Structures are given as structure tokens and as C-alpha cells.
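To start, the structure itself, in C-alpha cells.
The values are calculated or read from the model by the stated rules, or taken from the named source; none is laboratory data. Computed from a predicted structure; not experimentally measured. With ideal geometry, Cβ positions are generated from the backbone for all residues, glycine too; neighbour counts draw on all protein chains shown. Ligands, DNA and RNA are stripped out before the accessible areas are found, and what is left, the full protein with its side chains, is counted by its heavy atoms. Shrake-Rupley method; radii C 1.70, N 1.55, O 1.52, S 1.80 Å.
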Amino acid sequence: MPSPIVLITGALTGIGRATALAFAQEGASIVVSGRRDQLGHELVDELRGLGAEAEYIRTDVRRDDEVRTLVDQTVSRFGRLDVAVNNAGTEGTFGPVSTQTEENYAATFDTNVLGTLLSMKHELRVMQVQGSGNIINVSSVLGKIGTANGSVYVASKHAVEGLTKSAALEVATAGIRVNAVAPGPIDTGFIDRVTGGSQERMDYMKAYVPMRRLGQSEEVAAAILFLASPKAAFLTGHSLAIDGGKLAG
Ligand SMILES: NC(=O)c1ccc[n+]([C@@H]2O[C@H](COP(=O)([O-])OP(=O)(O)OC[C@H]3O[C@@H](n4cnc5c(N)ncnc54)[C@H](OP(=O)(O)O)[C@@H]3O)[C@@H](O)[C@H]2O)c1
């Protein structure tokens, strides 16, 4: 079987980066996208060092024209698109509902919701012609439950869950699967920003997880690779929690 062609948004750090490295180790060809060119070129060098074919394409997922170009350039470079990981996301600004602003709503929803929608729009355009493909959206346990002070982010990830289910139903007979992963707290820059360097907030974050630790990006990447694999052939419209047991409680 030829090596799968994989596209990852927000791929330059954290979960996206670990996913790119994991796909490279499995022999995939990878397009990494993001907004920081130097990180993009460095990651491509690292992926090529692992023997993978790799390209970086600068993309802001809030822009329809940029996402269209990302997908079209992926297809012109590699001939098709097998797997898309829609990972770009922002935590926005956490705080009580009474402090929320139109600006934070727009910033959070434009990246997490519109970005996921635009990504799937262009990925499915190509995958429906191919008659095959696999999409994995990066949601959150906060796409399934609420948390105090996280209303806007929580609402945006609930929307990602809804987008995932609806898109999966649209293409269920077209040879295309659409799933999500729903991570609990994962040790990335995202958590550093949410905790703001406070040991107390970090301890709270760990206490939130039944396993009493943060997850690692590689643990989320492993679940993404599973969902993208033929082992998950009868799995669509699903959101798989990687959360150290959080949703069990
Ligand atoms: N870490 C966690 O605890 C956790 C838990 C559940 C879900 N998640 C989700 O996991 C995903 C990855 O987050 P992470 O934890 O790996 O944190 P991260 O390292 O901050 O990764 C987020 C990535 O998204 C990119 N991004 C943000 N806005 C973008 C935009 N408009 N266009 C393109 N790229 C954009 C960021 O690049 P820039 O530097 O250019 O902004 C960054 O590389 C996110 O969707 C997040 O919501 C994380």
C-alpha cells in the first residue's frame, strides 16, 4: 500500500507536532501547516530526517482562501489526501461568564469552530472526489462536559463535537470516516498558558484527572493514528476521550 498522505493543521507545536512525528515514523508523507514559518521549516527538516516526505504550508485556519490553498497544494504536491488532522485551536481567555467579551468569543470560535468547518469543507471536497479519506478533529473533554471559567472554550469544543457527528453522517456511505479525539489536560504550551505558570493551578489540573497526571502529546497522537488506521474501519462520528479517566467520574 502506498504511504498515506497526511495533512495536519496547527502542526508546529504540542499535539499537532507529536502527531506529525508519529505519522512520519509510520512511513506517511506529511503536510504540516501553521503560522510560524521558522518552526514550520524546522519541523519539515526533522520529518525528512526521519525519512518522511514532508512540506510546510503557512495557513491560518480562519481564512477560507488559505485553507483552500493548503488543501489544493497538498493534492498538487502528493496527488491525493488520505488523512486530515484538524488540530489548530486556541484556549482563548478563560474567566467567569460575566467577564466574557465579543472579542474573546470571536477569537475562540473563529479558530476552533470556523477553522474546523473550513478545514473539513476543503478536505471533503477532495475526499469526496477520491471516494476515500479520513478526518480526525481535535476536540476536548471540554467538548463533552463543562468547566467553571471555561464557558467560551467549552462551547467551541462542544461545537467541534457537533461538526464531527454531522460531517460523519454526510459522508458515511462515501468511503470517508470523520472522528474526533477528546483530550483531557495534555502537557503542552496550551496548559502552560491556561495555568499561567502557577503551581497551584497546575496541581489543580493534575487533581482534575483520575490518573493524577497530565497526558502527553504522544498519547493523543497514538489515538489519532489508531482512528486513521484500517483498524478503526467501522468507527465514524465518534469522539474518543484520551483523558486519564476524567469522563468516567
Ligand atoms: N493541551 C491540552 O490540555 C488540550 C486539551 C484538549 C484539547 N486540546 C486541543 O488540542 C489542540 C492542540 O493544542 P495543544 O495542546 O497542542 O496546544 P498548542 O501547542 O498551543 O497547539 C495549538 C496550535 O494551534 C495553532 N493555531 C492556533 N490558532 C491558529 C490559527 N488561526 N491558524 C492556524 N494555526 C493556529 C497554534 O499556532 P500559533 O502559535 O500560530 O497560534 C499552535 O501551534 C487544540 O485544538 C486544543 O484545543 C488541548
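The residues of segment 109-249 have, on average, 45 Å² of accessible surface per residue, using a 1.4 Å probe with all protein chains present. Annotation: amide H-H contacts under 5 Å for Ala84 (H modelled 1.01 Å from N, sequence separation of 5 or more, or interchain): Leu7, Asn134, Ile135, Ile136. Rounded to the nearest Hz, the phi-derived 3J(HN,Hα) couplings of segment 28-41 under the Karplus curve 6.51 cos²θ - 1.76 cosθ + 1.60 (θ = phi - 60°) are 7, 9, 10, 9, 9, 10, x, 10, 10, 4, 4, 4, x, 5, where x marks glycine and proline.
Relative protection proxy for 2-15, 145-158, from highest mean packing down: 2-15, 145-158 (other beta-carbon atoms within 10 angstrom). In percent, rounded to a whole number, the relative contact order of segment 165-218 is 35, using alpha-carbon pairs under 8 Å and six or more apart. Net charge dipole, segment 1-146: roughly 260 debye, given to the nearest 20, about the Cα centre with Cβ charges of +1 for Lys and Arg and -1 for Asp and Glu.
Given Leu169, Thr74, Thr93, which one lies farthest toward the positive end of the charge dipole of the chain, if we put +1 on the Cβ of every Lys and Arg and -1 on the Cβ of every Asp and Glu? Of the candidates, Leu169 comes out farthest on the positive side. For segment 69-80, backbone phi angles converted through the Karplus equation (6.51, -1.76, 1.60; θ = phi - 60°) give residue-by-residue couplings of 5, 4, 5, 5, 5, 4, 5, 5, 6, 10, x, 6 Hz, Gly and Pro being listed as x. Sequence-distant contacts, meaning Cα pairs under 8 Å at least 6 residues apart, place the relative contact order of segment 65-179 at 31 percent. Note: relative contact order over the chain, using C-alpha pairs below 8 Å and six or more positions apart, is 19 percent. Counting protein heavy atoms only, the chain has 54 percent of its accessible area on carbon and sulfur, 1.4 angstrom probe.
Magnitude of the charge dipole for segment 169-249, about its Cα centre and with charges confined to Cβ atoms of Lys, Arg (+1) and Asp, Glu (-1), is about 140 debye.
Quick one: grab the alpha carbon gyration tensor of segment 123-181, order the square roots of its eigenvalues as a ≥ b ≥ c, and give me rounded if a/c is under 1.5, else prolate or oblate depending on whether a/b is larger than b/c. Prolate.
Here's how it looks for Ile242: its modeled amide H is under 5 Å from those of Ala182, Gly184, which are all 5 or more places away or on a different chain. Loop-located GluC sites (Glu not before Pro) in segment 148-249 (DSSP state other than H, G, I, E, B) with a sparse environment of at most 16 neighbouring Cβ atoms within 10 Å are absent.
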